[in-house]
Amino acid sequence: MLGISACLGGVACRYDGGTNEIAALKSLVETNQALMICPEVLGGLPTPRPPAEIRGGDGFDVWQGKAKVFDQEGHDLTNAFKQGAIKAFKEMQKLQITGLVLKERSPSCGSNLIYDGSFSGTRIKGVGVATAYFIQQGLPVYSEENWQEMRMT
């Protein structure tokens, strides 16, 4: 079973209350080939919410205590992001999720690029907090930009 970011499946759970729906991914959910997750919502964050970015590195650095997640108002959201990743992973284990398609550039779900923490729109190479956790647990992670390369089993 495939897991996808809920925003890619059409759920309005983005920080701004919007969605990043991709019809082909939504279709996988509708045909019971994929299930949706949102680590940020599972971590207790509301929708909408101020934008958040990782300062001091990427998601791997957050798990090592070298970086933190802050919203644009300066609130430390690190714990919510980490708890959301852990809860999402536990749910995925129960549902036998074997691969993921997550939202690129998200501080939670980015798999190649994230924002640099300055809220200036500057992108850097790196992964989000949930993505780092999922990779550490052995799950393959793709984004909406490269998911067709994924081997579907």
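Read-outs throughout are calculated quantities, based only on the coordinates presented, and are distinct from any laboratory measurement. Because the structure is a prediction, the values reported are computed rather than measured. Cβ sites come from the backbone with ideal geometry, for glycine too, and all protein chains shown count toward neighbours.
Which length gain, in nm to one decimal place, applies between Q72 and T19 when the Cα-Cα distance is subtracted from 0.36 nm times their residue separation?
Values: separation 53, 0.36 × 53 = 19.08 nm, distance 1.98 nm.
Fully extending the segment from Q72 to T19 adds 17.1 nm.
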Dipole of the chain [Lys/Arg +1, Asp/Glu -1 at C-beta], most positive-end residue of I97, S120, G56: I97
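In the stretch 1-73, which trypsin sites (Lys or Arg not before Pro) are in a loop and have at most 11 other Cβ atoms within 10 Å, using DSSP for the loop call?
Taking the stretch 1-73 and a limit of 11 other Cβ atoms within 10 Å, the loop trypsin sites (Lys or Arg not before Pro) found are K66.
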Note down the nm distance, to one decimal, between modelled labels 7 Å out along Cα→Cβ at N32 and at N112. 3.4 nm
